[in-house]
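Presented below is the structure to which this report refers.
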Amino acid sequence: MQRCPRAIDDLGLVTMGTVLHEVNTTNVSREAMLKAGLSSRIPAYTVAMAGISPNVGVSNICDMILLGRIKVGLAGGTDNFSDVPIRLSQPVRRSAMKLRNQSSIAGYLNAVKSLRLKDLALDIPKSADYTTKLTMGQSCEAMVERFGVSRLASDEYTLKGQHNAMQAIEQGYLAEQIVPITVGDNHISQDQTPRMSSLAQLSALKPVFAENGIITAGNSSKFSDGAGAVLLADVDYAKQHQLEIQALIVDYEWSGVDDLNHEMLLGPAMTIPALLKRQQLQFSDIDVWEIHEAFAAQILINRTCMADAEFVQSRFGADYPFGDIPMDRLNLWGGSMSLGNPFAATGIRLLQTAAQRLKQQGGRYAIVSTCAGGGLGAAYLLENID
């Protein structure tokens with residue numbers, strides 16, 4: 001923000017996605033922008049759309065810019081797994097609401113007299129999908145059963161991602177994305193991930209979600225704390241005010257899956273072909289791919305589906321593009337499994353990384369895609385206009 005004060009002065013909207021909602025505010029976006037010192041006249045809202053929550057904010061700001069309603073917007077995402085909001089049970093919550101209106105000891109006692117010892121149990125957020133009652137890991141195992149992928153392939157992909165992340169950090173590629181912060185007496189300037197493993201170590205881990213499954217703690221993404229934001233502006237405005245343009249957002253696509261029980265994390269395969277079709281592009285035209293890694297198996301299954309003409313044509317139509325995503329173009333600076341997955345911040349990281357990679361590699365097009373709980377998916381097409 002210090003490098004583009006005029007853009008901050010002209011901000012027309014601030015959005016922020018989050019999955020784990022802060023109990024002390026109904027609008028974390030508003031509180032965050034005020035804490036950052038932005039003008040209270042700037043409207044701000046918080047988005048809840050599972051793992052693609054930040055994508056909604058990015059898309060909405062892009063649409064408002066195209067409509068001519070604003071020139072500049074700020075879209076972000078944040079989640080905090082170190083401090084998950086845990087509720088008291090419903091009977092305790094109801095009694096607590098009654099207590100607020102009491103002024104006597106008799107009133108206090110009457111408000112809590114119906115409580116039982118069992119009511120003191122904590123209401124911990126469920127990790128399972130509300131509709132299917134399956135966790136994301138169980139849902140991915142269901143995808144493995146339907147589409148097929150091996151444990152070895154998953155572990156090998158995981159190991160490659162760890163190497164990619166370590167190499168990117170050593171070469172300083174991720175330095176621009178990390179903003180040091182101070183929490184109490186702790187000054188944090190470096191992430192705790194990635195951690196290197198060996199194939200033998202990964203292979204020794206036991207499956208977590210199914211007795212004979214392939215998903216382990218090693219080939220899954222790691223819950224993390226994090227926040228991120230991107231400044232979005234009209235191209236002419238950016239040039240006029242000499243802002244460094246990282247990339248142009250050309251188009252985006254949202255979608256849901258056909259079968260929640262067996263395709264929960266198939267969001268990329270359900271969005272990317274439609275996006276490419278609308279822009280008259282082929283898979284081979286894309287220089288940079290950044291796809292969220294919930295699990296190694298999820299990435300491999302989405303990649304297989306998009307390379308399968310029968311799958312793509314059965315879901316979209318005979319003239320929709322299908323093709324292979326080359327491993328030497330996919331998540332080359334590491335992904336969510338090696339860098340961590342702070343849910344709503346992940347979508348922002350993916351956009352930042354894709355834009356940086358495009359510039360560094362001199363490519364033209366990048367695809368960014370994310371799967372999410374509820375069987376949702378999002379994809380973006382970025383273009384390097386240097």
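Those residues that are exposed (fewer than 11 other Cβ atoms within 10 Å of the Cβ) and over 19 Å from the mean Cα position of the chain (by Cα), I need them from region 177-194; list them, please.
Within region 177-194, P180, I181, T182, V183, G184, D185, N186, H187, S189, Q190 meet the criteria.
Return yes when L117 is under 28 Å from G340 (Cβ atoms), aliphatic (A, V, I, L, M) and at pLDDT 85 or above and no when it is not.
Here the answer is no, as L117 does not meet what is asked.
Residue by residue through region 39-67, note down the ones that are part of a loop (DSSP other than H, G, I, E, B) and in contact (Cβ under 8 Å) with a residue 60 or more places away in the chain.
Answer for region 39-67, where residues must be part of a loop (DSSP other than H, G, I, E, B) and in contact (Cβ under 8 Å) with a residue 60 or more places away in the chain: A50, I52.
Within region 53-65, identify whether any single residue is among the small types (G, A, S), surrounded by 14 or more Cβ atoms within 10 Å (Cβ to Cβ) and over 24 Å from M270 (Cβ atoms), and answer yes or no.
No, that holds for no residue.
List the pairs whose first member sits in region 300-318 and is assigned by TED's automatic domain parsing to the domain that holds E156 and of a type in the set (S, T, Y), whose second member is part of a loop (DSSP other than H, G, I, E, B) and surrounded by 21 or more Cβ atoms within 10 Å (Cβ to Cβ), and whose Cβ atoms are under 9 Å apart, counting only residues at least 6 apart or on separate chains?
T304/V149
For N80, state whether it is touching a Gly at 6+ places or on another chain (Cβ under 9 Å) and modelled with pLDDT under 95.
Spelling it out, N80 is indeed touching a Gly at 6+ places or on another chain (Cβ under 9 Å) and modelled with pLDDT under 95.
Among the numbered conditions (1) in the same structural domain as T346 (by TED's automatic domain parsing); (2) over 26 Å from the mean Cα position of the chain (by Cα); (3) under 30 Å from V14 (Cα atoms), tell me where D236 comes up short.
(1)
Helices (runs of 4 or more DSSP H) wholly in region 258-376 with at least 2 residues that are charged (D, E, K, R) and crowded, with 24+ Cβ neighbours inside 10 Å - which ones?
Passing ranges, in order: 346-361.
Name every residue in region 172-200 that is out of contact with any helix residue (DSSP H, G or I) (no Cβ under 9 Å at 6 or more places or on another chain) and of a type in the set (D, E), in order of residue number.
Result: D185, single match.
Tell me, which residue of region 111-138 that is farther than 30 Å from Q298 by Cα and surrounded by 14 or more Cβ atoms within 10 Å (Cβ to Cβ) is nearest to the chain's Cα centre (by Cα)?
Filtering first and then ranking leaves D119.
If you go through region 189-205 one residue at a time, do you hit one that is in contact with a Ser or Thr (Cβ under 8 Å, 6 or more places away or on another chain), farther than 30 Å from Q356 by Cα and either part of a loop (DSSP other than H, G, I, E, B) or at pLDDT below 85 (or both)?
yes
The values are calculated or read from the model by the stated rules, or taken from the named source; none is laboratory data. The model shown is predicted, which means the values in this text are computed figures rather than measured ones. Cβ sites come from the backbone with ideal geometry, for glycine too, and all protein chains shown count toward neighbours.
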